[in-house]
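All remarks here apply to the structure that follows.
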Amino acid sequence: YALKNGGKRLRPILVFILAEAIGKKQDVAAAALAIEFFHTASLIADDLPCMDDEKKRRNKPVVHLVFGESVALLASYTLIARGYEMLYKNAAQLKAAGRHDGERLCFLALGAISECAGIGGATNGQFLDLYPPDNKLETVLKIIRQKTEVLFEAAFVLGWLFGGGALDCLAEVKECAHHLGLAFQIADDLQDVEEDRGK
């Protein structure tokens, strides 16, 4: 239900775009699925009554209103686990296709995703969004960085790693992702303001 609930699929598309730009014709479909699973899991959790208490997501009732909070939590956990499984699967596929560095790619991908999702990433970003210490610009930018930009970073890194990008360029890839993530959030917030004015 959550995965088929509309959406632009921007983050998995970014995985494909990065891999295509590298031009090595590597299969990154499983990694693209992984980022969609991680993103959808975060939306299910964000919508819960104890978080943002949303009633609709993409013009449809949120998961916990249709299936209950316990099922929503389990769905979120399942998508996270499945996302990590997809990273392993993509690395194994590349190894089977002749990539000798499959284990290293899996290791780097797991590290990047764990970092983006953890206390230095989306988890803390959601906490700060719920309990902001102040309304300073620095705090707002930190929330955007940890809630929005990290998922863009994850998509860029997965596309770069599994697409065959040079590993010594990862820092620059992450920086590009953060610029795009910030621009995306600004545009999204401006759209929300316009929609609120029209109500």
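The values are calculated or read from the model by the stated rules, or taken from the named source; none is laboratory data. Worth saying up front: this structure is predicted, and the values here are computed from it rather than measured. Note that each Cβ is placed from the backbone with ideal geometry, even for glycine, and that neighbours are counted across all protein chains shown. Accessible surface areas use protein heavy atoms only, side chains included; no ligands, DNA or RNA. Shrake-Rupley method; radii C 1.70, N 1.55, O 1.52, S 1.80 Å.
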Pick out, from I80, N59, L43, the residue whose Cα sits farthest towards the positive end of the charge dipole of the range 40-83, with +1 on the Cβ of Lys and Arg and -1 on the Cβ of Asp and Glu. N59
Given the range 1-91, what whole percent of its Cα pairs are spread farther than 22 Å? 32
Please name which of G125, V157, H100 has its Cα lying farthest along the dipole of the range 66-165 towards the positive end, using unit charges on Cβ (Lys, Arg +1; Asp, Glu -1) and the Cα centre as origin. H100
Karplus-derived 3J(HN,Hα), 6.51/-1.76/1.60, for each residue of the range 24-37, Hz, glycine and proline x: 9, 6, 8, 7, 10, 4, 5, 5, 5, 4, 4, 5, 5, 5
Taking Cα atoms, the helix 69-96 axis meets the longest principal axis of the chain at an angle in degrees (rounded to 10) of 20
Kindly report the accessible area of the range 41-199 per residue (heavy atoms of protein chains, probe 1.4 Å, no ligands, DNA or RNA), in Å². 57
Under a 5 Å amide H to amide H cut-off, with H placed in plane at 1.01 Å, what residues pair with R57 once short-range neighbours are removed? V62
Using alpha carbons only, how many degrees (0 to 90, rounded to 10) separate the axis of helix 102-117 from the longest principal axis of the chain? 10
Residues of type lysines that K25 reaches as a straight line, Cα spacing below 25 Å, ignoring anything fewer than 8 places off in the same chain: K8, K89, K95, K174
Which label belongs to the value computed from this structure, given these candidates for mean projected area of the Cα convex hull in nm²: (1) 11.7; (2) 10.9; (3) 12.9? (1)
Sites matching trypsin sites (Lys or Arg not before Pro) across the range 109-153 that sit in DSSP coil, with at most 13 neighbouring C-beta atoms within 10 Å: K136
For a quick protection proxy, order the peptides 15-26, 165-176 by their average other-Cβ count within 10 Å, most packed first. 15-26, 165-176
Sorted by mean Cβ packing within 10 Å, highest first, what order do the peptides 65-72, 42-49 take? 42-49, 65-72
